[in-house]
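**Q** One structure follows; several queries about it will come next.
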Amino acid sequence: MKTLIKNIKQLIQVRDHHTTKVSGLEMNYLPTLTNAWLLINDDKIENYGGMENLPKIEADREIDATGRMVLPSWVDSHTHLVYAGHREQEFIDKIKGLSYEEIAAKGGGIVNSAKTLQHTNEEELYLQSLQRLEQVIKMGTGAIEIKSGYGLTPEAELKMLRVAKKLQKAHPITIKTTFLGAHALPAKFKNNKQGYINQICEEMLPQIAEENLADFIDIFCEQGYFDLNDTKQVLEAGKKYGLRGKIHVNQFNSIGGVKMGVDYNSLSVDHLEVMNDEDIETLKGSETIPVALPSCSLFIKIPYAPARKMIDAGLPLAIATDYNPGSSPNGNMNLVVSLACIKMGMTPEEAINAATINAAYAMGLEKTHGSITKGKTANLMITDVIPSYGFLPYSFGNNHIHQVILAGKLIQ
Ligand SMILES: N=CN[C@@H](CCC(=O)O)C(=O)O
Ligand SMILES: [Zn+2]
């Protein structure tokens, strides 16, 4: 099946195979082709070029994109999309002045979501999550990472991961899963944190590996949650099963999680709202990409990751939604791109690179996703008629997505 998209006002993020991520000054360059065509063959991008050189192509379907931009789909490299129920009561408590930590201390937060999820059966959890998946697909997301971590028992953690894997069969969006058993300490282990770490490493991980349910491993490395010693044990155990880290670090405090992540050659370190100079220095020259989550900062009113400082220091940066019921009940990558510009001082070029090519790297998908490249998966967005790509972050809160193509299939 061949699809030809013609008269594209601007084809955005056009790269060859050599670019796996962009760092520092490179982030401010977004390669584009004006007045372009693009040919999809089955699920892959076959070719593209300028309209002045359009060869004679026998296509099964033609799309006229006059006035519209075509971009690679957004890649959302950090989400907790599989969850049960909602936590709007905590949202109200927050408005009334309670902090994220105070809400957690009175039984809210992650363990609250875990309680709900443990009592939700697999089919119901699947249906709730499917609805969210379909919502983000419409908003242009073409690849998504989904974490466990709202189960906190072997049964419930496995249930979450099975649901995340099952979602892959429902739609041609690309899904990668991450085991986040160490998201919070369940009440049962209140005075026995090591007992829970042992359960994660010796009971949950072997089953997860046996069923091939996870691509990565994660831990919430933070004061009041899991410390460096716990993080080391979890990353070590993950390594035994070939799972690289994608870890929650430096959300509220810098306690050495960035260095631990780099030492274990984690694929990404995520959150980073609190970064000191040493943390930034540690990331230089590593294969670990920093990931910022601006909608979490917006929602729970904490600082934004210092994107400017990181990029100006020569680092690459990815951005993601952190879609979850507690700190970011929103999976809209368009909004994240806007927030990156408005709140973190990133240019539209930097933000789009952070949400596509660098985000693909943060999911281990840099060879197949994140850019318009011959042979890559045909995951694309066709925008509304808009004046320029800068209009996308400028017009914040609006999603100017006209059509979505996933693995060559026209979704909407
Ligand atoms: N910070 C840790 N985990 C989630 C939030 C979890 C929750 O509040 O439910 C996050 O990435 O923001
Ligand atoms: Zn998260």
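Derivation of every value follows stated rules applied to the coordinates shown; laboratory data play no part. What you see is a predicted model, and the numbers here were worked out from it, not measured in a lab. Counting neighbours? That spans all protein chains shown, and the Cβs are built from the backbone with ideal geometry, glycine included.
**Q** Cα axis of helix 228-240 to longest principal axis of the chain: angle in degrees, 0 to 90, nearest 10?
**A** The two axes meet at around 60 degrees.
**Q** In whole Å, what three semi-axes, largest first, describe the equivalent ellipsoid of segment 32-96 built from its Cα gyration tensor (square root of 5 times each eigenvalue)?
**A** Those come to 44, 15, 11 Å.
**Q** D for segment 277-352, whole µm²/s, Stokes-Einstein with Kirkwood Rh over alpha-carbon pairs at 25 °C and 0.890 mPa s: what number? Please list the in-between numbers first.
**A** On the way: Rh = 12.7 Å.
Diffusion coefficient, whole number: 193 µm²/s.
**Q** In whole Å, how far is the Cα centre of segment 381-399 from that of segment 257-293?
**A** Answer, in whole Å: 31.
**Q** List, in the order given, every pair from 176/367; 2/165; 106/343; 106/147 whose Cα-Cα distance in the structure shown is over 19 Å.
**A** 2/165; 106/343; 106/147
**Q** On to the next question. Shape verdict for segment 121-273, please, from the Cα gyration tensor: rounded (a/c under 1.5), prolate (a/b greater than b/c) or oblate.
**A** Prolate is the answer for segment 121-273, as a/c is 1.5 or above and a/b outweighs b/c.
**Q** Of all GluC sites (Glu not before Pro) in segment 33-102, which ones are in loop regions per DSSP and have a Cβ with at most 16 other Cβ atoms within 10 Å? Before the final figure, lay out the partial values.
**A** Details: sites: 46, 52, 58, 62, 88, 90, 101, 102; in loops: 58.
For GluC sites (Glu not before Pro) across segment 33-102 that sit outside H, G, I, E and B with at most 16 neighbouring Cβ atoms in 10 Å, the list reads 58.
**Q** Which semi-axis lengths, in whole Å and largest first, follow from the square roots of five times the eigenvalues of the Cα gyration tensor of the chain? Could the numbers behind the result be given before it?
**A** Numbers: eigenvalues 254, 99, 78 Å².
Working through the eigenvalues yields semi-axes of 36, 22, 20 Å.
**Q** Taking the 0 to 90 degree range and rounding to the nearest ten, how far is the long axis of helix 333-344 tilted relative to the main principal axis of the chain, both from C-alpha atoms?
**A** Roughly 80 degrees, rounded to the nearest 10.
**Q** How much length is gained if the chain between residue 86 and residue 198 is pulled fully straight, taking 0.36 nm per residue apart and subtracting their Cα-Cα distance, in nm to one decimal?
**A** Net length gain for the segment: 37.3 nm.
**Q** Counting other Cβ atoms within 10 Å, keep those with at most 14, restrict to DSSP loop, and tell me which trypsin sites (Lys or Arg not before Pro) in segment 80-118 are left. Walk me through the numbers before you get to the answer.
**A** Values: sites: 87, 94, 96, 106, 115; in loops: 87, 96, 106.
Listed in order of number, the matching sites are 96, 106.
**Q** Treating the angle as unsigned and between 0 and 90°, give the value, to the nearest 10°, between the Cα long axis of helix 154-170 and the longest Cα principal axis of the chain.
**A** Once rounded, one gets 10 degrees.
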